[in-house]
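Before any comments, here is the structure.
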Amino acid sequence: MNAVPLPFVRTVEVTIDGRTVRVPEGTTIINACKTIGIDTPTLCYLENLTPVNVCRVCVVEVEGSRVLVPACSRPVDPGMVIHTDSDRVRHSRKLVFELLGSSVDLSTAEPRFKADMEKYGAAPERLAPSGHSDHGAPATVQQPVKIDNDLYVRDYSKCVLCYKCVEACGTDAQHTFAIAVAGRGFGATISTEFDTDLPDSACVYCGNCIGVCPTGALMFKTEHDMRAAGTWDESRQTATDTICPYCGVGCTLSLHVQDNTIVKVTSPNDHDVTEGHLCIKGRFGWQFVQNR
Amino acid sequence: MDLHLIPGATASAEERAAIDAAIAAVIGTGPGTRHMLLPALHAAQSCAGWISEGALNHICAQLSVPPAEAYGVATFYHLFSTECQAPRVVHVCDDIACRVKGAQGLCRSLEATFGPAGSGTEATWKRSPCLGYCEQAPAALVQHAGASPVEHTITHATLTVLETAVSTGEVPGPSGRAVPQAQGPRDPGLRLLRRVGVADPASLDDYRAHGGYQALRRALDIGPEAVLREIIDSKLLGRGGAAFPTGRKWEAVARSPVRPHYLVCNADESEPGTFKDRVLMEEDPFALIEAMTIAGLAIGAEQGFIYIRGEYPRATARLQYAIAKATRRGFLGDNIGGAGARFHLNLRRGAGAYICGEETSLFNSLEGFRGEPRNKPPFPVQSGLFHKPTVINNVETLVNVIDIVLEGGPAYAGIGTASSSGTKLFCLSGCVAKPGVYEVPFGMTLRGLLDLAGGVEGGRALQAILLGGAAGVFVTPDELDMPLTFEGTRAAAATLGSGVVMVFDDRVDLGDILIRIASFFRDESCGQCVPCRIGTIRQEEALHRLVAARTSGDRLTEQTLIADLGRVMRDASICGLGQTAASAVESALKKIPFDSRRSLTAGPEGN
Amino acid sequence: MFGAGGGTSAYQEIEDTDLIILWGSNARETHPIFFHHLLKGKKNGARMYAIDPRRTSSVAWADVWLGLEVGSDVALANTIGREIIAAGLCNTAFIERATTGFDAYKAAVESYTLERGEQLTSVKADVLREMAHAYARADRAQICWTLGITEHHNAVDNVFAIINLSLLTGHVGRWGSGLVPLRGQNNVQGGGDMGAIPNKFVGGQDVEDPALRATFEREYGTSVPDTRGWHLSQMFEAMEHGELKTVFVLGENPMQSEADAKRTRRLLEGLEHLVVQDIFLTKTADVAHVVLPAAASWCESEGTVTSSERRVQRVRKALHPPGQAKDDLEILTLLAKKLGKDWGAPTAAEVWQEVQRLSPWHGGMSYERLEAENGLQWPCPTLDHPGSPTLHTRLWSDPVEGARAGFQVVHHSPPVDTLTDEFPLRLTTGRRLDSFNTGVQTGGYTSPLRHGERIEVSPEDAVRLGVVAGEVVRVVSRRGAIVAPIKIDPGLRAGLTFMTMHFPDEVETNILTIDAVDPKSGTAEFKAAAIRIEKLGVPETVGAGGAR
């Protein structure tokens, strides 16, 4: 016999919404929930990025904890008793959606976002009543769209400050660090140094920030222009996976095509070559097949 | 890394020299180069009065920090400017304690004379959150950038003094006494304040003549294990606000196999109304150094940091001097007391950010990142400064160590109450006859403390007391018999917090105070998590509407909204800032009869 | 040396290694996504050495930079090898069990002392020593290279010199220890694997092996020549001698991509019959007698490509090709029909089944598996084989399965284009992040990073020549002259200059390069030309220049 002992994986038992679950040690609450089909809303969480747990829509109630805990990053402890749908959890999730909805333009956010807002009964307008304050209208993050290059645009009126773009530009993928969070509090924004235009910044146009943006604040210029022209129509689009035509690394490209025209390019997060990330050539260098 | 600097921006020779000197002063005190960012930014700011693109480039090139990240750090702090501004800035505190003492009027007058805050090319003025001189309100901080930068605090500020400060940079000498118990018949019960007003804070010999460094000698004699035992036995609880058992922290780090261990003193005393740590650092700096040396030996840390708030120029200067002196005399360094013990101490300045008083934010700030809090767990004892096991204690907590080592843990535990051992420093300010720092054993009632301070100023009627600071709660005249212990305040749904006791008489416009508290949290939110970032601004807006009696819908809708916001901030914020941002507001709205909040009916005065 | 032409490691292995040597590769710009994996390795604690004449953006991430003289790679490798042997740091057990030729190698590198190594490479002896010791002592180590190794007249020697180091230390055939040649184009690996090289059938099978040839002859129903064909440089030689008169070019643009562009043009224009099959009307197509418009293989047709980690992956049709353009496969079958062979109308999947039948490397790679498993790494002989992330693990079995790996004796040979007083500067060529080779594809999109072609010089040389950023100068080599604006790059040492070939329509860099080729691989020495820079009479500046 030639048996190779499997590495011993400790498991822990936790209770989620009254159900007992056994998961490997170190599993996050969100993944433990997943094993029994409990879906957790997220915004700043993405499987190919380090959890920053800033949006707080994934919070759950853990017995013995004074405050709610973020499911996306907290590993389970043995015997943990978790409630994912308690009154406190529902209240916090609802309020987080309302807070964002009252200050950020969510018109191009992932469809998931709108569904979750409805699910939790969020009514953002109650937080930002118009015409009642002598201190002007309730604050929003409204600001002009930044169009400073031909490849992608930045519309920070749509930014929920999830930090994903900063992570993708920085230590989780590209290591270019062209952008960071600047300022503080409600005035915090994603910014280059001294808010300089991208062509003067360190940006190398890998577009990995676009790839992770959940709200369309970062958008291909092609998509931005088509939306402006009223021609953007996702129902007429297909997505086909193929391999980048450039260097020999072999990155998977998902070509999003509308009317036989590539309108944007992404890469699957779960592919172990790219982990969702590309370079400028793969992301934007496809125009040549359309100069017909 | 492949750094991309800002095209065409170069630092002036003066900026380069200042930055290089700042870097040289902290090199080797931590791993890598990133931790030198904050000192370098300070150097740039105090050299030119702002952080220019050229200066940022130079810093980034020296430290291998991407400019966007350095800019993100620079823009995090009040005291840094990334836009060209006047080299002389007078920061006028308009926070709650100073507000009660007429700060609003001063600001309006300055605006009339010098134009809006921030305007002016040679000199300007700005509004500031609490400067930590509440007992000598109103206060202001003068910063004059240049080759030899100058910083001074103005206390008991008058319009004339402030106008002179803006126009000429001249400021009067220090005034006022911070510790009433040390004057006249000196209170014999003073322990933490024993040397205040007695020993010369600049003299190591005088410190020793008044009992200094006896505790360190004993600690070296009995060894780290025994020191640890004394601290555990003393039942000392942290004085920074969270009241965590100090001995448990120390033990966890001392036992951790992960090395190195770090000791950090949280001297970022920024809770509005708090100034006790400032008094300790200004008046008895060697005591903090001795206490930290003992702590360092006990937990196996060879490097300690004091992170002091940027608005404390005098405490900074005195500590800096004392550290240098203690090092020269062998009380810090590689062979302490000739016993081969090793402990180095490095002083780091914050730059205007309340959030950096939160321990994990402080770590990030000290490490050269934005002062954003980390999620806990892991706790600092597991992963703290530079992600190593770290003990972080408040100044007051640490100074207690000296007496604990000298008299033994059990003796110390005999002072105060069973659950709150020792004495406690309280910061009395606002409408009180004798404002200042008071040291009393745990267990005294709020009434007793108020009486000790001479009662309400001018014998007027008490409206409310803010206990614990902006993150604390309002208590009403009928709650004065509350015992001032951790357990006593908890039972009354209040908190000792950092020891703030701010008194408001019946003339104070409480609506205005509530809005100022709300705007404080809005200003000081780091912006990281949604509940706090947006919740604090929505809370402030709702309060404005409520106070101005211009509510959307009815008053009840507005109050429900405020309650909803408070709940999500308390439940879902990452850190204590957001979790307590609604605390004072909620307590006021709940406890204080509607009609007594004059502003709610009369409209805000002077808004 | 190992009997298989492919990188030995999966990309992910570099995340789990202890030491990384990036040799003649600016992967930060030319293989950015591989560089992501490399950075993870660094984050996980690996120490990184970069060997490159230029201080590139990749070098900026290294712990140690070995800024060698262009073309001194063999000398550097042999010095490292000699030091490892001299210091007693060889993996003796591995050498004895899994290799041959050690004694000859040892004797050959004996003269490459640290002192001589420093003389030949300009890298300080103590740095050479430190890297030698670190590489030999590391538990796991990876050497990655690109065209900085292979675009030399002694390209294959360079590769051998590197492989020798891996044999000396046993840094091959284990997870985290290996050799990673990064391919410049998306299917260079696949093209070779499929037999598009002069001496191999599909699956790396030698055309000169009678038994293998018989298999293919059976499959194809025709006889197969028993000698290897010409590689690219030999083809141009043959054109020169009138032996080659008809050329069929598929998806290449030799008119602009070959060294010594003047000679290339003369030879291509002199052909009796030139057919170009391409998706563009390239400069080569301009002089063709027949142009066959093709569909873009990566998005307008179905098939597979093979990456640098030997991973076969599917390409899929996302767009309909424009106009009369046709799938390569369809063009070839139509052509075959005209030539009298009816191959029907096979699909890409059907062609792949032939590959599976004929190539043991690919036998287990069904289309279904390629779809389901995000591609597979060869060898993958059977349907139940998981594929092979790491190659040559057999070298670690005892006794070794199959042939041992042989050391190859190679010696320093400086660049052919020597530096003289007349041509005192070394020109090396390379690529930038946003552009690709001759720019036919990347020219299609507007890159904010693109500033046109420039001749990059060191600050010292700029001062010496009296030129400023943006100033247009004449660049002269023994083969011709071009004009280009100056860019000053502090990453260059005095005496070294740099250009790309991304903008041949504006600046034809390959006028300057030398067509001295490696006799084994046929690659030209793009990395080392001798030039001089002349100021133009009338000062003229172009653009801002030099800002980035």
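The values are calculated or read from the model by the stated rules, or taken from the named source; none is laboratory data. Computed from a predicted structure; not experimentally measured. Every residue, glycine as well, gets a Cβ built from its backbone with ideal geometry; the counts of neighbours run over all protein chains shown.
Could you list, ordered by first residue, the pairs with Cβ atoms under 8 Å in which the first is in the range C:103-120 and within 15 Å of C:Gly406 (Cβ to Cβ) and the second is among the aliphatic types (A, V, I, L, M) and not in a helix (DSSP H, G or I), at least 6 apart or interchain?
C:Ala104/C:Val409; C:Tyr105/C:Val409; C:Ala108/C:Val409; C:Ala108/C:Val410
In the range B:526-550, which residue that is facing chain A (nearest Cβ under 7 Å) and more than 16 Å from A:Leu100 (Cα to Cα) is nearest to the chain's Cα centre (by Cα)?
The residue in question is B:Cys526.
Determine which member of the set C:Arg450, C:Arg432, C:Arg454 is surrounded by fewer than 23 Cβ atoms within 10 Å (Cβ to Cβ) and in contact (Cβ under 8 Å) with a residue 60 or more places away in the chain. Working first, answer last.
On the way: C:Arg450 fails: in contact (Cβ under 8 Å) with a residue 60 or more places away in the chain; C:Arg454 fails: surrounded by fewer than 23 Cβ atoms within 10 Å (Cβ to Cβ).
Among C:Arg450, C:Arg432, C:Arg454, only C:Arg432 is surrounded by fewer than 23 Cβ atoms within 10 Å (Cβ to Cβ) and in contact (Cβ under 8 Å) with a residue 60 or more places away in the chain.
Mind listing whichever residues of the range A:241-292 are in a loop (DSSP other than H, G, I, E, B), at the interface with chain C (Cβ under 7 Å from one of its Cβ atoms) and over 20 Å from C:Asp434 (Cβ atoms)?
Listed by number, the residues that qualify are A:Asn260, A:His271, A:Asp272, A:Val273, A:Arg292.
Among B:Leu496, B:Leu577, which is the only one that is surrounded by 24 or more Cβ atoms within 10 Å (Cβ to Cβ), closer than 30 Å to B:Gly416 by Cβ and within 11 Å of another protein chain (Cβ to nearest Cβ)?
Answer to the check: B:Leu577.
Just give me the residues in the range B:436-492 being charged (D, E, K, R), outside any strand (DSSP E or B) and touching an Asp or Glu at 6+ places or on another chain (Cβ under 8 Å), in sequence order. Break it down stepwise before answering.
So the first thing to find is which residues in the range B:436-492 are charged (D, E, K, R), and the list is B:439, B:447, B:451, B:457, B:460, B:478-479, B:481, B:487, B:490.
Cutting the leftovers down to outside any strand (DSSP E or B) gives us B:447, B:451, B:457, B:460, B:478-479, B:481, B:487, B:490.
Of everything in the range B:436-492, those that are charged (D, E, K, R), outside any strand (DSSP E or B) and touching an Asp or Glu at 6+ places or on another chain (Cβ under 8 Å) turn out to be B:Arg447, B:Glu457, B:Arg460.
What are the pairs with Cβ atoms under 7 angstrom where one residue, in the range B:396-416, is touching a residue at least 12 places away in the same chain (Cβ under 8 Å) and under 14 Å from B:Pro245 (Cβ atoms) and the other, located anywhere, is of a type in the set (Asp, Glu) and surrounded by fewer than 24 Cβ atoms within 10 Å (Cβ to Cβ)? Sequence gap at least six, or different chains.
B:Gly409/B:Asp233; B:Tyr412/B:Asp403; B:Ala413/B:Asp233
Within the range C:296-315, which residues are facing another protein chain (nearest Cβ under 9 Å), assigned to a loop (DSSP other than H, G, I, E, B) and out of contact with any Cys (no Cβ under 8 Å at 6 or more places or on another chain)?
Those that are facing another protein chain (nearest Cβ under 9 Å), assigned to a loop (DSSP other than H, G, I, E, B) and out of contact with any Cys (no Cβ under 8 Å at 6 or more places or on another chain): C:Ala296, C:Ser297, C:Cys299, C:Glu300, C:Ser307, C:Ser308, C:Glu309.
Go through the residues of the range B:44-51 one by one and say whether even a single one is away from chain A (no Cβ under 14 Å), without any contact (Cβ under 8 Å) to a residue 40 or more places away in the chain, over 13 Å from B:His4 (Cβ atoms) and not in a loop (DSSP other than H, G, I, E, B). Let's see the steps before the verdict.
Taking the range B:44-51 as the starting set, the residues that turn out to be away from chain A (no Cβ under 14 Å) are B:45-49.
Remaining after also requiring without any contact (Cβ under 8 Å) to a residue 40 or more places away in the chain: none.
For the range B:44-51, residues away from chain A (no Cβ under 14 Å), without any contact (Cβ under 8 Å) to a residue 40 or more places away in the chain, over 13 Å from B:His4 (Cβ atoms) and not in a loop (DSSP other than H, G, I, E, B): absent.
So C:Leu179 fits all but one of (1) part of a strand (DSSP E or B); (2) at pLDDT below 95; what number is the exception?
For C:Leu179, the exception is condition (2).
Residue-wise test of (1) surrounded by fewer than 19 Cβ atoms within 10 Å (Cβ to Cβ); (2) in the same structural domain as B:Ile308 (by TED's automatic domain parsing); (3) touching a Cys at 6+ places or on another chain (Cβ under 7 Å); (4) at positive phi.
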position: B:Tyr213; (1), (2), (3), (4): no, yes, no, yes
position: B:Pro245; (1), (2), (3), (4): yes, yes, no, no
position: B:Lys249; (1), (2), (3), (4): no, yes, no, no
position: B:Pro260; (1), (2), (3), (4): yes, yes, no, no
position: B:Leu263; (1), (2), (3), (4): no, yes, no, no
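Give me the residue from the range A:70-102 that is under 23 Å from A:Arg10 (Cα atoms) and among the hydrophobic types (A, V, I, L, M, F, W, C) and, out of that set, nearest to the other protein chains (Cβ to nearest Cβ).
A:Cys72
Picking from B:Leu263, B:Leu192, which residue would you name as being part of a loop (DSSP other than H, G, I, E, B), closer than 17 Å to B:Val401 by Cβ, at pLDDT 95 or above and among the hydrophobic types (A, V, I, L, M, F, W, C)?
Step by step, each of B:Leu263, B:Leu192 is checked, and only B:Leu192 is part of a loop (DSSP other than H, G, I, E, B), closer than 17 Å to B:Val401 by Cβ, at pLDDT 95 or above and among the hydrophobic types (A, V, I, L, M, F, W, C).
Rundown of residues vs (1) more than 7 Å from chain B (Cβ to nearest Cβ); (2) at pLDDT 95 or above; (3) buried (at least 17 other Cβ atoms within 10 Å of the Cβ), yes/no style:
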{"position": "A:Ala139", "(1), (2), (3)": "no, no, yes"}
{"position": "A:Val145", "(1), (2), (3)": "yes, yes, no"}
{"position": "A:Leu151", "(1), (2), (3)": "yes, yes, yes"}
{"position": "A:Ala180", "(1), (2), (3)": "no, yes, yes"}
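So is B:Ala21 free of Cβ contacts under 8 Å to residues at least 60 places away in the same chain, buried (at least 23 other Cβ atoms within 10 Å of the Cβ), more than 14 Å from every other protein chain (Cβ to nearest Cβ) and part of a helix (DSSP H, G or I) or not?
Against the criterion (free of Cβ contacts under 8 Å to residues at least 60 places away in the same chain, buried (at least 23 other Cβ atoms within 10 Å of the Cβ), more than 14 Å from every other protein chain (Cβ to nearest Cβ) and part of a helix (DSSP H, G or I)), B:Ala21 does not qualify.
Hey, can you tell me all the residues within the range C:139-158 that are more than 19 Å from C:Ala10 (Cα to Cα) and either assigned to a strand (DSSP E or B) or not hydroxyl-bearing (Ser, Thr, Tyr) (or both)?
Within the range C:139-158, C:Leu147, C:Gly148, C:Ile149, C:Glu151, C:His152, C:His153, C:Asn154, C:Ala155, C:Val156, C:Asp157, C:Asn158 meet the criteria.
Which one is surrounded by the fewest Cβ atoms within 10 Å (Cβ to Cβ), of the residues in the range A:276-292 that are under 18 Å from the mean Cα position of the chain (by Cα) and either within 13 Å of A:Val249 (Cα to Cα) or not assigned by TED's automatic domain parsing to the domain that holds A:Met219 (or both)?
Here the answer is A:His277.
List, please: which pairs have Cβ atoms under 8 Å, are six or more places apart or on different chains, and start with a residue in the range C:69-94 that is in the same structural domain as C:Ala494 (by TED's automatic domain parsing) and end with one that is outside any helix (DSSP H, G or I) and among the β-branched types (Val, Ile, Thr)?
none
Please verify whether B:Gly408 is assigned by TED's automatic domain parsing to the domain that holds B:Gly371 and surrounded by fewer than 21 Cβ atoms within 10 Å (Cβ to Cβ), treating the condition exactly as stated.
The answer is yes for B:Gly408.
Out of A:Asp233, A:Asp225, A:Asp197, I need the residue that is over 26 Å from A:Leu46 (Cα atoms), more than 10 Å from chain C (Cβ to nearest Cβ) and of a type in the set (Asp, Glu). Which one?
Exactly one residue qualifies, and that residue is A:Asp225.
Taking the condition β-branched (Val, Ile, Thr), buried (at least 20 other Cβ atoms within 10 Å of the Cβ) and in contact with a Gly (Cβ under 9 Å, 6 or more places away or on another chain), does C:Val74 pass?
Spelling it out, it is not the case that C:Val74 is β-branched (Val, Ile, Thr), buried (at least 20 other Cβ atoms within 10 Å of the Cβ) and in contact with a Gly (Cβ under 9 Å, 6 or more places away or on another chain).
Any idea how many residues of the range B:112-144 are among the hydrophobic types (A, V, I, L, M, F, W, C) and more than 23 Å from the chain's Cα centre (by Cα)?
4
Would it be correct to say that B:Pro272 is crowded, with 24+ Cβ neighbours inside 10 Å and closer than 27 Å to B:Ala137 by Cα?
yes
Do the conditions hold for C:Glu422, that is, is it farther than 19 Å from A:Gln287 by Cβ, in contact with an Asp or Glu (Cβ under 9 Å, 6 or more places away or on another chain) and either away from chain A (no Cβ under 11 Å) or part of a loop (DSSP other than H, G, I, E, B) (or both)?
In short, no.
Can you list residue pairs whose Cβ atoms sit under 7 Å apart, with the first residue in the range C:399-410 being closer than 18 Å to C:His171 by Cα and the second being buried (at least 18 other Cβ atoms within 10 Å of the Cβ) and of a type in the set (Val, Ile, Thr)? Count only pairs 6 or more apart in sequence or on different chains.
Filtered contacts from the range C:399-410: C:Arg404/C:Thr99; C:Ala405/C:Thr99; C:Gly406/C:Thr99; C:Phe407/C:Thr99.
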